Structure formats: C-alpha cells, structure tokens
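See below for the structure under consideration.
The values are calculated or read from the model by the stated rules, or taken from the named source; none is laboratory data. Computed from a predicted structure; not experimentally measured. Please note: Cβ atoms are built from the backbone with ideal geometry, for glycine as well, and neighbour counts cover all protein chains shown. Note: accessible area is taken over every heavy atom of the protein model, side chains too, but ligands, DNA and RNA are not part of it. Shrake-Rupley method; radii C 1.70, N 1.55, O 1.52, S 1.80 Å.
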Amino acid sequence: MSYQPAVSVIMPLHNAENTMRESIESLLHQTIDSSEMEIVLVNDGSTDGTASICEEYGSQNSNVVVLHQENSGVSAARNAGMDIAKGKYLAFLDGDDTLAPTTLEAATLFFDKNRSEIDIVVCPLIITKNDTQTKHVSSKVLKRTGVYDVSLLKNAYALVTMMSILIKNDGEHRFDEALFVHEDELFIMQIVLQKEKLGYINEGAYYYKYRADSAARTKMHPYYQFEPNIRMWENLFNAYPSNVPKYLQASYFNELAWKLREDALFPYHYPKEEFEQARDRILQLLNRIDLDVIMKADNTDIYHKIFFLRTRKPSQLSFSVSSTGLSVSCNNVVLHYQKKIEAYILKTGAHGKEWRMTGFLKSPVFSICEEKPRLFLGKMRSYGEERLECPLFESSWSLHRSKTKTNIFWGFDIRIPLFEESVFCLEVELSGATLPVAYCFSDKAIFSGKLKRWSYAVNNCVISVDASGYMSIDPNNPRKAKESRTESDLIAKRHNAKAYLIRRAMALLPARTKSLWLYYDRGAVGKDNAFFQFMHDIETNDGIERYYVTSLDAGKWTEVFGSRYKKHIVSFDSNKHKILHLQADLLLVAYIEEENWLPFNKRSYPYFADLIRYGIIHLQHGVLHAHQPWKHSFDRLLIDGEVVSTNYELTNFQQNYLFPREALIDSGMPRYDFIDSDAEPKRRILFAPSWRKYLVHQTQKLDFEPIDNVFLDSAWWKEVSTFLNSETLAEMLDAYDYHLDIKLHPIFKVYSRFFEFDNPRIHLINSAIDSDYEVFITDYSSWVYDFVYLKRKILYFLPDEGFFSSGLNGYREVDIPLQDGFGPFCTSGEQLCMELANVLEGVRPSTQYREADGFFLHYDFKQRERLYRSIRQRIEDGTL
C-alpha cells in the first residue's frame, strides 16, 4: 500500500507570479513534518511566469506536485487538484494568501481525535485589506477549540464562507464549476450540513488578502451573479421541504444583511417586471427563515432586522407605546424594547444669533407605526412657555447604513436664541404617551460622551447638557465659560498631546480684530470655484483676512498664483493651516468631502470641535448630477449654504435633498464668470467620459490604482475603443474637418496609455477650454452642464448602462435622467457614430430634448460678485 500523507494542500494558481512564492513558502515553513504534507500546485492556464515557478518548486521539493491545465477557473483547478491528492485530509490555499506556521499540524491532530464526529475542521480566518487586519464574522461564535453543533441556535452563525478549512479526502465533494462566486460557500455548506457539526481550532490562521481584481470584488455584485446565486440558495432550501437547518437559514440571512449594507442585494439593472420577480424570489426564501435566527444575527442591527421582517410579513409586526417605554413585537414575541427614544445629534453650534442642534429621532417603532411622532422642547424658560413644538421631517438617515430606504427616522433642526437664558429638554409624543429622549452625539456635535465633555463656550455664553437630559444656555457667564474651556484643554491633555499643544497655542494668540475667510479646492483638480472666488474677494479691500489653502508644493505657488498673493497661500495640513482653520469665520469649499478641507483626522477632530465657529459655504464643483441622498442631503452635511446656478437646482435640492430655501444661494458658480457663452466654437469635439468606480482600485489613502485586466475586458472599454477606432469616425472627422479631443477624468488618467491613437485628428489632452468645443460627448459627468451653459451640442454615451443602473459606480441614477437630457442618448459606439454624424450634418433630432435656454439663472459674468454680496448680507443678518 502506498504511503498516505496527513494532508494535501490544493493551490489553484492563475497569473500569480507576484504573490505565489510567499504563499508556497508559508506551506514549506509549516510545523508539520514535510513528509506528512503534500502540496499540489495547479497552474490554471497562466500566461505569466506562474508555470515556471511551479516547476521550480516541484523540482526542489519532493512533496510538491505540479499540475498544468487550460484556464478553466478556480473551481475546476481545485477539483483537478483534489483528483490527484493523496492526503488523508485536504486543505486549500489561494495563490495570494498564507497560513500561519502551526495551522496544518494543529488541524490534522484535531481532526484525527474527532474524525467520527465531524467532516470539516476550521481555523481562524484573518482578512487583510489596506494593511488593516480584521477577523471573519464567524469569530463571534467560533472562539474556543472544539466541536460545534450548528443545529443549535447559539452556533447557527458559525458561518464558514471561505477556504480556511480541512476536509476528509473521501472523493465525495466537488466544487460547482458553473459558479464563479459563492462556490466556496456552497462547497463548505454542503459538507457542514451533512452532520450539522464542524470542528474549530483556535490555533494557527488562514490569512486572506483582499485583492482589487479578485472575483469576490469584481463579480459579487448582482449585475454579474444574481441568477446563479439565487438559484444556488433555492436549490439548497428546496432540499428541505419542511424544516430548514438553522445553519442554512443563518447563512442566507447573513448574505442578505451584508449585501443590503453594500447595496448589492437587489438587481436594480433589471426592467421593472423582472425586478419585482427577482425581489419576490429573495422574499420567498426570507419567509422560510425562523424569527429566532433573524434576531440572533449579531452582525445585523435591530433596524435592518425590522426592515427584513417588515418586508416579508408586515402584518406580523406590532408595537406598543406607554410612558414607561415602547416595544416592537412579532407574533406576540417582543423583539425590541426601549425606555427612551434615541435622539442622534449630528451637529450643534452657534450660527449668528442662534444656537442650532440638528439630528434625528431613532426607534424601530417608527417603521411600523403610521403615526408621525411630535417633538417638543420641554420647559422652555426663555420663551415663557412650558413646551415648544419642533417640526419634524423624514430624514435622509432613513437610508440606514444602506443606499436603500430601510427605516423611518424623523429629522429635526432646532434653533434657539443664543443670548437668552434657556433650560430645556427634548420630549417625544407618540400614541398619546410622552417619552423621554436619550442623546447620542456625533463627533461634530461638540458634546461627547466618549470625552466626557458636556459643555462648551461661545465667547462668554455657555451651552451645556446634564445627566438628566436637560440642556441649558447661560448667555453671559465669563467664569463658567473659562471653566468650560479649561476642562476642554484638560480633556485634550489627557488623551491627545498634539491636540493639547495646538489648543494652548490658540489660547496664547492675541484676539483677532479682522474676520478670517479660508478658500478650498481639491488638490488633484486644480483651480476651481474656491480659487476664482478667492481671486475676486481679495481685491475687495473690505478688511477681511483671506487665505487660499492648497496641497501644491510651495515651490509652485508663484507659478500658479502669481507673486502678488503669495503670502495669502497656505499649505494644506500645515501647522499654520490648523491654526487658521480654528480661527476662521467662514470656509468656502468646492468639494463637500471633509478630507478636502478639514486638517484634522476623525480621531483628533473632537478635541477641537468646541473651538470651531466658522460657517461653511459649498461652492459645488458643478451642478449636482448624481443622485446620492446618502451623501448630499442637508441633514448629513456640515454646510450652511449651497451655491446653485440653475432653477432646476432650486427645486431639486429642496425636494430630494432636504435643503431649506434659505440655505440655497442662487448666485451662480464663480467659475461661470470665466466661461464665455458668446464665444464662437472651433471645429472641435470633446469626449470627456467620467471614471468608473468598478474599474479602478481605491486605496486607503484615497489614491486610485489601475486594474488593467478588468478595464480592458470591460463592456465600457470595448464600446469606447470601437467608437474611437471606427473608420466611420475617422472619415467623418476628415469630411467635416473636425478634431476630437479626449479629456479623461483625473482618476481615469491611470489608463491614459490605452488612449493613444494613430489618427492625427484624435488627441488625448490634459486640459480643455470649454468654449473651444462645438460638440460635447459624455456620460453621467456633471461637466455636461458647462456645455449646457454654452448652449453647445451634447451627446450622451453610456455603453455600460446596465452597470451604471445596477449601482456598480456607487450610485445608480442621475437627477435628470440621461434619456431626458439635452441631446441624443447612445449605448454603443456604432450608435454614437450615427448620432454624431447627424449632429455634424445639422440634421434636426427626431426626439425633443431638454432646452438649454432658460436653464441657467444668470449669464451676466457677475457670479462672484453676487456670491460675495450674498455672503456679506447673511453675515450682517446673523444667519451665517
């Protein structure tokens, strides 16, 4: 009888030359004797140096077996390796992952001791992404070495979804080669469900490395895999006509929950009827999950649990409210109880003559109760009233941890006179009961349970909150204000030495006699609205001190800004910037993301929150285009004013993004002063596609890296290259004497090398003057509105329409649908050539497009002056 090693490790490898050595070395350095371990390297049709590296290790190590096959996918490669593996047990390792040294020895010894009871042994799974390590969700259950009975509810979420396993080499199990995602999970689940038990060792580890171009990242979305994935689950559930194993239920619910959070649950790219059918298939399986399994999901909060329960069988949910608390029940089983309504305070601060507190009320009850709650300020001494009602609106935070509306949260924006004495608390009325409120403060709310800071001072005015939930405004108490500032200094001294030093430096500076405004663009974009407004405002000689903040190297300041204003330029994140930021009265920002203007990280910001007094005006980079209420809604932002340029925005911001009318400044964007709508265009066409989130890798440092194989294989690139290489296009450019310029989004410049063409009439450019172009071709880029302003000919080109509508780019619709836009809508290179020919020939369009005339509010080159005067007026009125 031939010798049988203890374990065979199957390694599927495809173009893994850059990572596979580390993986193989982690096996060669296992503590198990090399004679007890077989390594099976399966080269799955690699086109790089993978094959030769396999042969190298095979020739140097007697326990390494090499198998070459045509590219057939990871499942086929694993199956091929299993077919020839001699080991008593089988383990698996991908070509960019590693095993801790003791893993195989510990796992095989444990398996030998418990072989009759289990068919699978699991080791700890550590996930590495952007240099950060996290444990797999199964670690919440699998903590101690032992055998786990997953038929028991307490162990149902011991979910093993990745290949950190050993199994028996009995020839009974194979990977489903028809699946390109979830094949690991299906393979493991079928083994676990045989005995509904698994073994776990708390020794060793499987280190999984997240890859930007892995199938898990690029193919997990429902655009790619909804049908095979839902069929997989249907087949698994259909094997159990009556009692579905709790482990299977938990596995399915876990997938629903994380996909909801990742906006990867529903196939939004389906037509309406097909979408409803797909949704019904999801719910039919959801209906077979027991209530106790749903409520046991520790990785899913009560709000998403209520969402799923309400989605499947809303009639089973009920609630009760009394002065002692409120509860949610399902079939008379209490699921959630709370004594107080949670008030999540997003931001607080002094604005002119008012103190404002913005946030939302949270309770699972709101999602099943048809009645709208009422919010009151109780015992408002300053108003001479016992109670004052505060208006409520449905908050954008109803999209709870998701891009889908999952719950109902009620928003509020409370404003109280800053220089009048007040004492008040929040109270909620619902179903005839008055309920107290429990506060939860964000980092931007100044108050902080984490830092134990319950008061702050605005000059000599002190705002505080006590343990009983009462807030107070003490309008003129210098002693108390000094004590509050001292306490904040001590908090910083105890927890953050750098923050303390900055606070002390601030305290030593003389009081400012001039107002201070700071202007911010995004470094990678260059001169934008903030720069243009800065260059206007600094010439006003109004006594206001101004600085433009940039990430450009100081050596380039004179080249970009000229020598005249060099002393008014500040390096982003410098010490001077941090001091000026804390002294500022106003920020004018072109981009809303905080990393573009906040010089403190999330960990440091709370130590300075009480010092910040500035208002924020968002200049916008362009007209709001992408529909992203989870990002742009007023109740999520720190801004006080939004600059708009069109009548459309005045309506859109109020209806879709919860902006009050007074927060909209209809002056027009500063850079429109530099776009000449009367200029005659040249015979040039500009093609300016936006970037695709699913075609690049975003690093932890907000850099973007190319994924060449994914990009070149994408439907987008295939149609774009078809258009740009088209003989029809070349003939058209020659016949009409036009040139076509390609301007890539800064993020997509990582692919510039693919946009080089022999045609002398096609050019890849780095910068463009809008008014030079007669025709503009784009997709969902908001740059299109510059050409609407110029009243130029526009064509929309979206060859990846399904990808976009599915949400793969981070959002799935625009506020003005492209099909209802300002020109023809094309989805293929051939169609674009045809529509472009019609445009150049002057053929009247067969479809009526949206009119550019009257779309913009102003064409007078006074946008900057109008914005400047609007801001000054708001400051004088005390509203900013």
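Each label point was placed 7 Å from the Cα along the Cα-to-Cβ direction; for Lys313 and Lys353 their separation is 5.8 nm.
Each peptide in 256-264, 836-844, 552-560, 468-476 was scored by the mean count of other Cβ atoms within 10 Å over its residues; highest first, the order is 256-264, 468-476, 836-844, 552-560. The magnitude of the dipole of the chain, with charges of +1 and -1 set on the Cβ of Lys/Arg and Asp/Glu and taken from the Cα centre, is near 3980 debye.
As a fraction of the 1.4 Å probe accessible area of the chain, surface on carbon and sulfur atoms comes out at 48 percent. Would you please calculate the Kirkwood hydrodynamic radius of region 295-345 over all C-alpha pairs and express it in Å, rounded to one decimal? Evaluated over region 295-345, this radius sits at 11.9 Å. Computed over region 789-880, the convex hull of the alpha-carbon atoms projects to a mean area of 9.1 nm². Summing Lys and Arg as +1 and Asp and Glu as -1 over all other residues whose Cβ lies under 10 Å from the Cβ of Arg522 gives a net charge of -4.
Values of log10 I(q)/I(0) for region 679-786 across q = 0.20 Å⁻¹ run -1.14, by the Debye formula with one identical scatterer at each alpha carbon and no solvent. Farthest toward the positive end of the dipole of the chain, out of Ala507, Tyr785, Ala837, is the Cα of Ala507, where the dipole comes from beta carbon charges about the Cα centre. In a simple Cβ point-charge model (Lys, Arg +1; Asp, Glu -1; nothing else charged), region 494-582 has a dipole of about 560 debye relative to its Cα centre.
Protection proxy ranking, highest mean first, for peptides 28-35, 712-719: 712-719, 28-35, where packing is the per-residue count of other beta-carbon atoms within 10 Å, averaged.
Between helix 103-114 and the chain there is an angle of about 60 degrees, using the helix long axis and the longest principal axis of the Cα atoms. Between the residues His618, Leu650, Pro689, the greatest Cα displacement towards the positive end of the dipole of region 574-700, with unit charges on the Cβ of Lys, Arg, Asp and Glu, is found for Pro689. Net charge around Gly842, counting only other residues with Cβ within less than 12 Å of its Cβ (Lys, Arg = +1; Asp, Glu = -1)? In short, 0. Charge dipole (Cα centre; +1 on Lys/Arg Cβ, -1 on Asp/Glu Cβ; no other charges) of region 33-72 amounts to roughly 60 debye. What the phi angles of region 611-623 give under the Karplus curve with 6.51, -1.76 and 1.60, with θ = phi - 60°, is a coupling list of 8, 6, 10, 6, x, 10, 10, 8, 7, 6, 6, x, 5 Hz, glycine and proline written as x.
On a per residue basis, the chain carries 43 Å² of accessible surface, using protein heavy atoms and a 1.4 Å probe. The helix-only estimate of mean residue ellipticity at 222 nm for the chain, built from DSSP H runs of length n ≥ 4 each weighted as -39500 (n - 2.57), is -8500 deg cm²/dmol after division by the residue total.
Compared with the dominant Cα axis of the chain, that is its longest principal axis, helix 302-312 is turned about 70°. For the set Lys372/Lys450; Lys556/Lys682; Lys88/Lys129; Lys527/Lys862; Lys450/Lys693; Lys403/Lys791, the pairs lying more than 27 angstrom apart at their alpha carbons are Lys372/Lys450; Lys556/Lys682; Lys88/Lys129; Lys450/Lys693; Lys403/Lys791.
When the Cα positions of Asn287, Phe855, Val720 are compared along the charge dipole of the chain, Asn287 comes out farthest toward the positive end, with charges on each C-beta of Lys, Arg, Asp and Glu.
Among beta bridges from DSSP that stay inside the chain, the antiparallel ones total about 55%.
Peptide packing: for 561-573, 110-122, the average count of neighbouring Cβ atoms within 10 Å per residue gives the ranking 110-122, 561-573, highest mean first.
As a size descriptor, the averaged projected area of the C-alpha convex hull of the chain was calculated at 42.2 nm². Working note: Cα atoms of region 1-155, range along each principal axis, descending, whole Å: 48, 47, 28.
Applying 1/(1 + (r/R0)^6) with r as the Cβ-Cβ distance of Asn71 and Gln4 and R0 = 25 angstrom yields a FRET efficiency of 0.20. The long axis of helix 478-495 is offset from the longest Cα principal axis of the chain by roughly 30 degrees. Tell me the net charge near Leu501. Cut-off is 12 Å between Cβ atoms, Leu501 excluded, with +1 for each Lys or Arg and -1 for each Asp or Glu. Summing Lys and Arg as +1 and Asp and Glu as -1 gives +4. Of Arg144, Arg869, Arg78, Arg850, the order by accessible heavy-atom surface (1.4 Å probe, DNA, RNA and ligands excluded), from most exposed downward, is Arg144, Arg869, Arg850, Arg78.
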